[in-house]
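Trainee: Okay, here's the structure, questions in a sec.
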Amino acid sequence: MVEGLEDYRNQIDRLDDQLIDLLEQRMEVVQKIGAYKQEHGLPVLNVGREQAVVEKAKARLRDKRYMQAAVRFMREVIAVSRDSQNQQLRMDPIQPPKTGKVGYPGVAGSFSEQAAADFFGEQHPRQAYVEFDEVCKALQSGEIDYGVLPIENSSTGGISQVYDLLAQYGFSIVGECLVRVNQNLVGLPGACLDQLQKIYSHTQGFEQSRKFLSSHQEWAQIPFHNTAVAAQHVAQEGDPTQAAICSRRAASLYGLEILAADIQDIQENVTRFIVISREPMYQGANKVSVTFLLDHKAGTLYNILRHFAEQRINLLKIESRPIPGVLWHYRFYLDFEGNPENVQVRQALQALADGSQECQLLGAYQAASQPD
């Protein structure tokens, strides 16, 4: 008896019934694994395990004509399983542990210290360092467990030194914090604007207060490591002709008076700080940061970014930095919405890796909420 089309379809239906039964059993085990990972703080993504599953399926396949189909099938099953576990974790997002030593640049009263206090808690112990790179060195040596660094300001843009340090040290971004920045001109008690001669602040403090300072061009602007360090210097000098541009927090801490409040050009002035760690933490992430290098050819940037559009991934920011010693070549930094364990994000990241000279995942973390 010759089998007809309807017979073949009936065979497919019976096989599909078996596949669905097996899929249901597999997903029940996947949920148990997800619960275990959540309890023990393990990431969903395990590239080595996923590759081993695919290789095992390839080895088991009897008819090698179906190799490509088998690989695609297993990868789709793995992606569905991974998305299911991510959904479990999104119900209870995991943030970096609020334990361990935290380092920040500047001194007490700096915006960086404020960010560390906001993220980890006001009572959490904090360690101050003078420079950005000193925070990175302390993190690399194990002296601290987390570092807090400013990465960009809403009015003056990215902080180039921090971008360069991210590429240099290879740390992972595990969190971010937004701090509202109100710049104030502060001096010794009893000081007045007419007698001022020297103003100290970080370059960002000067840049953010350009309009106010333009009406006082007689004042010498002296860059300092940090706005709070500038305030500390003015307090220690005891000279009424000197002033600093800093936060109210720093002014109060060092016993200085506010001579002119809220002098920043843009009132809605916010600085974004990143929390960096030696180890990545992807669970519960909804934002990803990457860096990559491209060939200096027409169309290379477009060819990279189109993959994100094709996967319907929302890009949040792109920044470029010149590569020292290589004329007219740039390192790109990209922020976008998503999680590396999502199949669309994984495909976009793979396309990025395939189409660039060098690609590095800087971190995946929860996007910060807007400050009050």
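The values are calculated or read from the model by the stated rules, or taken from the named source; none is laboratory data. Everything numeric here is computed off the predicted structure, so don't read it as measured data. Every residue, glycine as well, gets a Cβ built from its backbone with ideal geometry; the counts of neighbours run over all protein chains shown. Surface areas here come from the heavy atoms of the whole protein model, side chains and all, with no ligands, DNA or RNA. Shrake-Rupley method; radii C 1.70, N 1.55, O 1.52, S 1.80 Å.
Trainee: Note the angle between two axes, namely the Cα long axis of helix 132-141 and the longest principal axis of the Cα atoms of the chain, as a number of degrees from 0 to 90, rounded to the nearest 10.
Mentor: Once rounded, one gets 50 degrees.
Trainee: If I compute solvent accessible area with a 1.4 Å probe over the protein chains, what percent of it on the chain is carbon and sulfur?
Mentor: C and S atoms contribute 51 percent here.
Trainee: Can I ask one more? Restricting to the stretch 51-199, compute how many DSSP beta bridges are antiparallel as a %, nearest 5.
Mentor: 25 percent
Trainee: Please give the per residue volume of the convex hull enclosing the alpha carbon atoms of the stretch 215-260, rounded to a whole number of Å³. Intermediate results must be reported in sequence, preceding the final value.
Mentor: Numbers: hull volume 3.7 nm³, N = 46.
Expressed per residue, the convex hull around the Cα atoms of the stretch 215-260 is 81 Å³.
Trainee: What percent of all Cα-Cα pairs in the stretch 153-250 falls in each 10 Å bin, counting up from 0?
Mentor: 15, 43, 27, 13, 3
Trainee: Which residue, Ile304, Gln347, Trp328, has the largest displacement toward the positive end of the dipole of the stretch 278-372 when charges sit on each Cβ (Lys, Arg +1; Asp, Glu -1)?
Mentor: It is Trp328.
Trainee: Between Glu55 and Ser141, what's the calculated FRET efficiency when r is the beta-carbon distance and R0 is 35 Å? Round to 0.05.
Mentor: With R0 = 35 Å, the Cβ-Cβ based efficiency is 0.35.
Trainee: Taking only DSSP H segments of four or more residues, each worth -39500 (n - 2.57), what value at 222 nm results for the chain once the sum is divided by all its residues, to the nearest 500 deg cm²/dmol?
Mentor: Taking each H run of at least 4 residues, the total per residue is -13500 deg cm²/dmol.
Trainee: If the reach is capped at under 16 angstrom between alpha carbons, list the lysines near Lys101, excluding any in the same chain fewer than eight residues apart.
Mentor: Within reach: Lys137.
Trainee: If packing is taken as the average count of other Cβ atoms within 10 Å, what order do 122-135, 232-245 fall into, highest mean first?
Mentor: Working: 122-135: 16.1, 232-245: 19.5.
Ranking, from highest mean packing down: 232-245, 122-135.
Trainee: Equivalent-ellipsoid semi-axes (√(5λ), Cα gyration tensor) for the stretch 255-356, whole Å, largest first?
Mentor: 32, 21, 14
Trainee: Can you list the residues, at least 5 places off or on another chain, whose amide H is less than 5 Å from the amide H of Asn342, using H built in the peptide plane?
Mentor: When sequence neighbours closer than 5 places are left aside, there are no close amide H contacts.
Trainee: A further question on this structure: Counting DSSP beta bridges in the chain, what percent are antiparallel, to the nearest 5?
Mentor: 75 percent
Trainee: Order of 188-198, 152-162 by packing, highest average Cβ count within 10 Å first? Numbers along the way, then the final one.
Mentor: Numbers: 188-198: 12.7, 152-162: 17.2.
Order by mean packing, descending: 152-162, 188-198.
Trainee: Right, something else. Over the chain, what relative contact order in percent results from Cα pairs under 8 Å that are six or more residues apart?
Mentor: Relative contact order here is 19 percent.
Trainee: Per residue, what accessible area does the stretch 119-222 have, given a 1.4 Å probe and all protein chains present, in Å²?
Mentor: Accessible surface, normalised per residue, equals 43 Å².
Trainee: Another question, if that's okay. Measure out, as a whole number of angstrom, how far apart the alpha-carbon centroids of the stretch 137-190 and the stretch 219-243 sit.
Mentor: For the stretch 137-190 versus the stretch 219-243, the Cα centre distance is 20 Å.
Trainee: In degrees, nearest 10, range 0 to 90: what is the angle between the Cα axis of helix 227-237 and the longest Cα principal axis of the chain?
Mentor: The angle comes out near 20 degrees.
Trainee: Keeping all protein chains in place, calculate the accessible area per residue for the stretch 226-372 (probe 1.4 angstrom), answer in Å². Walk me through the numbers before you get to the answer.
Mentor: Numbers: 7020 Å² over 147 residues.
Each residue of the stretch 226-372 exposes 48 Å² on average to a 1.4 Å probe.
Trainee: Measure nothing fancy, just the Cα-based angle from helix 47-60's long axis to the longest principal axis of the chain, in degrees from 0 to 90, nearest 10.
Mentor: Computed tilt is about 10 degrees.
Trainee: Here is a follow-up. Each residue of the stretch 146-160 in turn: what ³J(HN,Hα) in whole Hz from Karplus with 6.51, -1.76, 1.60 and θ = phi - 60°, glycine and Pro shown as x?
Mentor: 9, x, 10, 9, x, 10, 6, 10, 5, 9, 10, x, x, 9, 4
Trainee: If you scale each eigenvalue of the Cα gyration tensor by 5 and take the root, what three semi-axes come out for the chain, rounded to whole angstrom and sorted largest first?
Mentor: Equivalent ellipsoid of the chain: 53, 22, 17 Å, largest first.
Trainee: Only Cα pairs under 8 Å and at least 6 apart count here; give the relative contact order of the stretch 313-372 as a rounded whole percent.
Mentor: Rounded, it is 26 percent for the stretch 313-372.
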